[in-house]
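Q: My structure is below; once you've seen it, I'll send some questions.
The values are calculated or read from the model by the stated rules, or taken from the named source; none is laboratory data. Remember, it's a predicted structure, so these values are computed and weren't measured experimentally. Don't worry about glycine lacking a Cβ; one is built from the backbone with ideal geometry, like all the others, and counts go over all protein chains shown.
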Amino acid sequence: MTIGGSIALLIIGAILAYAVDYEFSGVDIRLVGVILMIGGLIGLVIGVIRIVSARRAIERRPPPQHVREEYYDEYETRRRPY
């Protein structure tokens, strides 16, 4: 779950828990909102941990080796007598 999805779950859960005053038979809207907020919070924590661990892995890599590029003049290579 991405960080944006987690924030969306938090917002939807907060709206259901605190702003909606509608009742279904057999469904507690406030409980559904709290469950969504808990899921969003867990997803947000996991997303942040994944980002931090990925940054640490990138920092541990050695710097890339320098690349040496050589270009040959095609005209000069054809004129060489062998």
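Q: Determine which member of the set I35, I51 is closer than 24 Å to I11 by Cα, modelled with pLDDT of 95 or more and in a helix (DSSP H, G or I).
A: I35
Q: To continue, here is another question. Output the residues belonging to segment 1-32 that are among the polar types (S, T, N, Q) and either buried (at least 17 other Cβ atoms within 10 Å of the Cβ) or at pLDDT 90 or above (or both). So that I can check it myself, show each step before the final result.
A: Residues of segment 1-32 among the polar types (S, T, N, Q): 2, 6, 25.
Residue satisfying the conditions is S6 alone.
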